[in-house]
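Inspection log for the structure reproduced underneath, given as structure tokens.
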Amino acid sequence: MKTKIIFTLLIILSINELFSQDKAALQSWHNNKYSMFIHFGVYSELGGVWKGQPNDNGYSEQIQARAGIFADVYEEIPSRFNPAKWNAGEIVSLAKKAGMRSIVITSKHHDGFCMFKTATTRFNIVDATPFKRDVLKELAEACKKGGVNLGFYFSLIDYTLHPSTSHNASPITADHHEYNKKQVAELLTNYGPISELWFDMGSLTVQQSTEMYQLVQRLQPNCMVSGRLGNNAYDFCVMGDNEYPDYKIDAPWQTPASIFNETWGFRSWQKRENVSGKIDEKLLSLIKVVSRGGNYLLNIGPKGDGSVVPYEAEVLTGIGNWLSKNGEAIYGTNANPFPESFSWGEITANGNKLYLILSGETTGDIVLSGISGKIKQVNLLNQPIVKFKTKTDKDKLTITVPETVFQDDDIQVIKIEFVAAYKVRPENIIEGNPISLNLSNASKLYSYSCIDYYNNYRSIVGQEWNFFKTAKHTVPVVYYTEGEIGKGIDLSWNGTDELVKLQNGTEIQLNTSQIRWGKRFIYGSFQSSFEELPEKITPEINPETDWTKQSNLNWKEVSDWKDGEVVSMESKPLQSWFVIQEISSETAQKQLVEISSGDGVIIWLNGENLVMHNNPRNTVLNKELVVLPLKPGKNQLLIKFYNRYGWKMEFNINQSVTQKIYRQELAPRNFSGLNNCSLKLQNPESVHETIRMNNVSIEL
């Protein structure tokens, strides 16, 4: 037991130490905004075709697995892979013409074929093909000459070492992990400075992810590591393929996108139509990602002969033409500072400047509410002589925009420059007496927690409140449960930091005599990723209706359930079970419940998400207290229990726990007018992992 405890502590310490990444290097990566992704490998030779027939069963770069090609047959394909038209200099020139600041190329995809000379296997482009040239070496030299950053994609799975599966997120054996480390060491030693390592797939242990991250940091400290390394051991979050989040993320992040969502590698039979429409589609995606604070990684898939598909080159060039005139609104910018989005387009920011990108619906005057600051000038970005009339009324700015600006075929950008800093009024200003700051009325600060490809989710890494209060010598009071005792929280009051240790609070007994627990229903055997829900299940439900009959799902009423009894059932990996519990309360009040779960759990009460987090890998039962803020009348508790790894699902819902919370007074404070408070967890195991402060509230 002592040995296990020491090992766990070492892993936690290692994860904490991971995030000492140089801030300047991370900021440089963030400022790039737009990069080229290249999926190029021996699969490019097949072009998505096997035995004369197009294979539409998944991405074309995964054709070995998708078409069921035997390993010994696939190993013969390199003998005819001769990309004689590959020209690294032309690739770099295209990237620069497209406005891309870096290139990320597949060094090795799932098939295990290496696009570089390696000592680990002959299954590489130098030793196994008539081409006999190191593609990565040539690209590294061209990038250095052209002043473009270079990054490598690296698949953590390898069909030559491990059988392929449909989900591509299999565990990595110890031998396979050592093999991967040798190849990564070659990539970081033989090709000069590498801007990022884009890991993909596989399901690593915490130790494996930690070791791989530390290897990268040791060999190239300024190399950014992508989120799909897993176990929250990375520098920037990676969204799903072609995923565009509609929320802001409080961490560096990136969206990987392909010209066509159906494939990343070259597909010879792909329909390539309406190039101008495709330019607009991908340009709008770039603008959307950047306006939300992210980076955009757009992929091309060269042919088997090494040449770039003309259609894809034309799309990139079209985007580059727009960036050559409007790049100031993209590179080095930050996310839209306003709490809302706008139908007329998107906003980016940089210092005392705002960029209004007119990429949306045609409209008249533009009105920005809640902004204050002295304006220096407002003009068209690529035509400075075109200036706009403005009108300010208190904290509202109106910009008169001629119809001709919206009718222009190009997406125009209005640049607003302030004399000094500007301020934007925050959303959701809380008022009242007393004021309660809690999860329900907080503005959430999100990251993207990734254990592996199928066990990831939008994680809450901080909570923020804006409230109106004018009072001297106010004593804030924090409330919490036994589950938070000993944890530290970092509070910031109007920019002044306060560290609070949750301990030595006064006990408060909750009276739950007016609460009745009613029917319970269960629905199971849903195979999914962690955050995914069946089409018919939505947490936005009306507890007054018999929702289980309306959803057309096979819900089973559990008539013999016993409070606190552990439910155990056989379950495959990647399966989920859902439980609905009816609860009636005569008044608005709180009740504590203990919920025990396996690999992950999501909890909603009356449609509001209270809890969402992973648990330690292969957890049987992970217990936690949850405060349920019940409303008068019927309440509906919906829980998703997620089984990622094991072959058994166990869970427990226990209402018969000691009903007590804790009250702890904080240092007195003076408040005047509009105020701000933010909360984060002190020394989290990972900056991407949810802080699990759903039970904590602060009363003013």
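Numbers for the structure displayed
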item: Residue match in segment 653-674 (condition: among the β-branched types (Val, Ile, Thr), surrounded by 18 or more Cβ atoms within 10 Å (Cβ to Cβ) and assigned to a strand (DSSP E or B)); result: yes
item: In segment 603-637, residue farthest from ILE515 (Cα to Cα) [restricted to those that are without any contact (Cβ under 8 Å) to a residue 40 or more places away in the chain and in a loop (DSSP other than H, G, I, E, B)]; result: ASN618
item: Elements of type strands (runs of 3 or more DSSP E) contained in segment 350-411, each with 1 or more residues being in contact with a helix residue (DSSP H, G or I) (Cβ under 8 Å, 6 or more places away or on another chain), surrounded by 12 or more Cβ atoms within 10 Å (Cβ to Cβ) and hydroxyl-bearing (Ser, Thr, Tyr); result: 353-357
item: Enumeration of residues in segment 413-439 that are modelled with pLDDT under 95, of a type in the set (Asp, Glu) and under 26 Å from LYS325 (Cα atoms); result: none
item: Residue count, segment 38-87 (criterion: assigned to a loop (DSSP other than H, G, I, E, B), over 19 Å from ILE105 (Cβ atoms) and of a type in the set (A, V, I, L, M)); result: 2
item: Matching residues, segment 447-499, being in a strand (DSSP E or B) and among the polar types (S, T, N, Q); result: SER447, SER449, ASN455, ASN456, SER459, GLN463, ASN466, THR474, SER492, THR496
item: Segment 112-137 residues that are closer than 17 Å to LEU150 by Cβ and assigned by TED's automatic domain parsing to the domain that holds HIS39, paired with ones that are at pLDDT 95 or above and among the acidic types (Asp, Glu) (beta carbon under 6 Å, 6 or more apart); result: PHE116/ASP134; LYS117/ASP134
item: Every residue from segment 349-375 that is under 13 Å from ILE287 (Cα atoms) and touching a residue at least 60 places away in the same chain (Cβ under 8 Å); result: TYR355, LEU356, ILE357, SER359
item: Within segment 321-362, tally of residues that are more than 16 Å from GLY99 (Cβ to Cβ), β-branched (Val, Ile, Thr) and in contact with a strand residue (DSSP E or B) (Cβ under 9 Å, 6 or more places away or on another chain); result: 1
item: Index of the failed condition, PRO252 passing every other in (1) more than 11 Å from the chain's Cα centre (by Cα); (2) of a type outside the set (A, V, I, L, M); (3) more than 30 Å from LYS117 (Cβ to Cβ); result: (1)
item: Filtered residues of segment 516-542 (kept if assigned to a strand (DSSP E or B), under 25 Å from ILE583 (Cβ atoms) and at pLDDT below 85); result: GLY524
item: Qualifying residue in segment 142-150 (condition: free of Cβ contacts under 8 Å to residues at least 60 places away in the same chain and β-branched (Val, Ile, Thr)); result: yes
item: Number of positions in segment 211-266 that are under 23 Å from SER285 (Cβ atoms), out of contact with any strand residue (DSSP E or B) (no Cβ under 8 Å at 6 or more places or on another chain) and of a type in the set (D, E, K, R); result: 2
item: Residues (more than 23 Å from the chain's Cα centre (by Cα) and either among the charged types (D, E, K, R) or surrounded by fewer than 17 Cβ atoms within 10 Å (Cβ to Cβ) (or both)) located in segment 328-346; result: GLU328, SER343
item: Residues located in segment 383-412, provided they are modelled with pLDDT of 85 or more and within 35 Å of the chain's Cα centre (by Cα); result: LYS396, LEU397, THR398, ILE399, ASP410, ILE411, GLN412
item: Selection count, segment 178-200, where residues are buried (at least 17 other Cβ atoms within 10 Å of the Cβ), out of contact with any helix residue (DSSP H, G or I) (no Cβ under 7 Å at 6 or more places or on another chain) and not in a helix (DSSP H, G or I); result: 1
item: Condition check for LEU161: farther than 22 Å from ASN299 by Cβ, in contact with a helix residue (DSSP H, G or I) (Cβ under 8 Å, 6 or more places away or on another chain) and assigned by TED's automatic domain parsing to the domain that holds GLU75; result: yes
item: Hits in segment 417-432 (condition: assigned to a loop (DSSP other than H, G, I, E, B), within 23 Å of THR390 (Cβ to Cβ) and more than 32 Å from the chain's Cα centre (by Cα)); result: VAL419, ALA420
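The values are calculated or read from the model by the stated rules, or taken from the named source; none is laboratory data. These numbers were taken from a predicted model, which means no experiment stands behind them. Here the Cβ is made from the backbone with ideal geometry for all residues, glycine too, and neighbour counts use every protein chain on show.
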